[in-house]
Structures are given as structure tokens and as C-alpha cells.
Amino acid sequence: MKEEMKRCGWAGDDPLYIAYHDNEWGEPVHDDRKLFEMLILEGAQAGLSWITILKRRDNYKKAFANWDWKKVAKFTQDDVERLMADSGIIRNRLKIESTIKNAILFEQVRNEFGSFDKYIWQFTDYKVIYPSKKLRRLEDIPATTPHSDAMSKDLKKRGFKFAGSTICYAFMQAIGMANDHIEGCYKAPGVAGS
């Protein structure tokens with residue numbers, strides 16, 4: 001049973017964190033809707049803890065049209081004001097407005113590359129990146145990498161907001177472009193079943 005398995009320490013004992021750790025973090029994602037969701041949620045996390053966002057995840061899904069970027073791209077100033085009054089999400093005007101802007105850019109990238117998936121995974125040559133050394137502690141996990149630096153630079157050049165290298169690396173971990181499970185975790189690279 002997974003409850004008895006050793007996990008990365010950050011998963012703690014919160015059921016939301018455990019489910020996220022066990023079922024999502026570090027698992028490769030290629031679905032554009034899911035990629036849009038995680039791109040927006042990682043930006044929403046800036047300056048906050050991930051659990052703050054996880055607890056509001058369902059509210060974000062409702063607030064942002066079930067992660068339909070085409071609908072979000074058409075949001076108006078009235079929608080911004082509606083979202084600013086929505087206590088179920090982080091009511092930060094810059095983050096809300098950036099979500100709308102990023103939705104527009106997300107569609108532009110899809111039009112250029114055929115999918116956001118093809119665009120975003122190019123930064124790791126369409127492969128999962130594993131740590132170059134064993135990660136023994138949380139402190140061993142990098143905040144940025146050359147891959148996230150390149151991704152951030154390109155996203156920013158295209159106009160994306162909340163796309164710094166640290167956010168990009170968290171996004172890479174969230175969508176499985178990077179597998180940074182800590183040594184001893186049942187999902188760590190090289191462990192049977194991971």
C-alpha cells in the first residue's frame with residue numbers, strides 16, 4: 001500500500017499533498033489542457049506555498065473555464081473584476097490578468113507548433129531529465145536548471161508572464177519533465193516501479 005511507502009519529505013501527511021506526490025508530481029504530461037492548468041497554477045503559486053494553490057485547485061478550474069484556454073483568452077475586464085471578487089482563488093490582479101494573457105499566447109504557441117506539448121517538451125529534447133546526482137535532501141533539489149533558464153527566456157520573449165526560471169522549473173517538475181523524487185522515495189529514479 002502506498003500509505004506505507006516512503007515518500008519525499010515535502011509530501012508530509014496532508015492527503016492533498018500525498019495524492020499530488022503519488023499521482024502527479026514527476027509524471028510526464030502531454031495533454032495541452034493539463035499543461036495549461038499546471039502553467040497557470042505554478043504562476044499562481046509565485047510567492048506562496050504549493051498547498052495554498054492545491055487547496056484552491058478546484059476553484060481555479062471553475063474560475064478559469066475548466067482550463068479551456070480558448071475561453072480564458074476571451075475573458076474581458078468584467079471577468080477580471082469577477083475573479084478579483086472570487087474568494088476561492090488568489091485574488092491578485094497581476095496573476096489574473098497574466099492568466100488571460102498567457103491563454104492568448106498559449107493558443108499562439110499551439111498554432112505555431114501544433115500543440116503546446118511539442119513546444120514545451122523541446123526544452124528537454126522530449127525526454128525526462130533525471131538528477132545528475134542522487135537527491136538525498138530537499139535542499140539538494142535545484143531551484144533552476146539550464147533547461148528552465150532556456151524555457152523561461154523563450155516564454156518571456158513570447159510575452160508570457162510569471163515565467164521566471166524558478167517557476168519554469170517547478171512547472172517542469174509538475175509535468176514530469178524533471179524527476180526530482182528524493183532518494184528513498186518509492187518514486188525516486190532507479191527504484192522499481194518508478
To the nearest 10 degrees, the tilt of helix 32-45 (Cα long axis) against the first principal axis of the alpha carbons of the chain is 90 degrees
The alpha-carbon center of region 154-190 and that of region 57-131 are separated, in whole Å, by 16 Å
Labelled set (1) 127, 52, 8; (2) 28, 20, 14; (3) 24, 19, 16; semi-axes √(5λ) of the Cα gyration tensor in Å computed from this model equals the value at (2)
Which of GLU139, GLU107, GLU42 fluctuates most in a GNM of the chain (C-alpha springs under 10 Å)? That residue is GLU139
Sparse-neighbourhood loop hits (chymotrypsin sites (Phe, Trp or Tyr not before Pro), region 120-194; DSSP loop; Cβ within 10 Å at most 13 others) -> TYR126
For the chain, the dipole about the Cα centre with charges only on Cβ (Lys and Arg +1, Asp and Glu -1), to the nearest 20 debye, works out at 380 debye
Answer in debye to the nearest 20: the dipole magnitude of region 1-46 about its Cα centre, from +1 Lys/Arg and -1 Asp/Glu charges placed on Cβ, is 80 debye
Surpassing 27 Å at the alpha-carbon level, of the pairs LYS34/LYS127; LYS55/LYS101; LYS133/LYS187; LYS61/LYS101; LYS71/LYS187; LYS62/LYS95, are LYS71/LYS187
Tilt, helix 165-174 to longest principal axis of the chain (alpha-carbon atoms), in degrees rounded to tens, equals 70 degrees
Mean-square fluctuation maximum in Gaussian network of the chain, Cα pairs under 10 Å, restricted to ALA73, ALA85, ALA178, hits ALA85
Relative contact order as a percentage, region 1-91, C-alpha pairs under 8 Å and 6+ apart, gives 23 percent
Rounded to the nearest 10 degrees, the helix 93-113 long axis (Cα) sits at an angle to the longest Cα principal axis of the chain of 80 degrees
Given a 1.4 Å probe, the accessible area of the chain per residue, as a whole number of Å², is 51 Å²
So, relative contact order of the chain in percent, Cα under 8 Å, 6 or more apart, is 30 percent
Dipole check, the chain, charges on Cβ (K,R +1; D,E -1), about Cα centroid: among VAL29, ALA174, GLY114 the Cα furthest to the positive pole belongs to GLY114
Row for region 1-104, column shape: gyration tensor on C-alpha, a ≥ b ≥ c, rounded if a/c < 1.5 i.e. under 1.5, prolate if a/b over b/c, else oblate; value prolate
With the 8 Å Cα cutoff and a minimum separation of six or more residues, region 43-142 has a relative contact order in percent of 21 percent
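The values are calculated or read from the model by the stated rules, or taken from the named source; none is laboratory data. Since the model is a prediction, treat every value here as computed from it, not as a measurement. When we count neighbours, we look across all protein chains shown, and the Cβ atoms used for this are built from the backbone with ideal geometry, even at glycine. The area values use the complete protein model at the heavy-atom level, side chains included, leaving out ligands, DNA and RNA. Shrake-Rupley method; radii C 1.70, N 1.55, O 1.52, S 1.80 Å.
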